[in-house]
Amino acid sequence: MIDKSAHYNNLLDFYENLLTDKQKLVAHMYFREDYSLSEIAEHTLSSRSAVHDSVQRVESILDSIF
C-alpha cells in the first residue's frame, strides 16, 4: 500500500493547478519537502492551526477529485 505522502504527491503531480498559490506552497512544503506544520507556519508567517487547516483542505480537495 502507498503511504499518505506518496499518495498526495501523486495527486499533486496532476491536480496542483486546482489549488490556490498558498495551498500549493503549503502542499509542496508538507508533502514534498516533509516540513512540519510548525516549520511551515514559521516560513509563511501563519499559525500552526492555520497551516493544519490548509493541509486538511488540500487533502479534501485532492480526495474529492480522486
Q) Placing +1 at every Lys and Arg Cβ and -1 at every Asp and Glu Cβ, with all other atoms neutral, what dipole size does the chain have around its Cα centre, in debye to the nearest 20? A) 140 debye
Q: Taking 7 Å along the Cα-to-C-beta vector as the label spot, tell me the residue 16-residue 4 distance in nanometres, rounded to one decimal.
A: 2.1 nm
Q. Calculated from DSSP H runs of 4 or more alone, at -39500 (n - 2.57) each and per residue, what is the 222 nm mean residue ellipticity of the chain, nearest 500?
A. -21000 deg cm²/dmol
Q) Points 7 angstrom from Cα along the Cβ direction at residue 52 and residue 33: gap in nanometres? A) 2.2 nm
Q. Could you put 54, 36 in order, starting from the residue whose Cβ has the fewest other Cβ atoms within 10 Å?
A. 36, 54
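Taken together, the values in this text are just the output of simple stated rules run on the coordinates, not laboratory data. As the structure is a computational prediction, the values presented were derived from the model and not from experiment. FYI the Cβ positions are ideal-geometry reconstructions off the backbone, even for glycines, and counts take in every protein chain you see.
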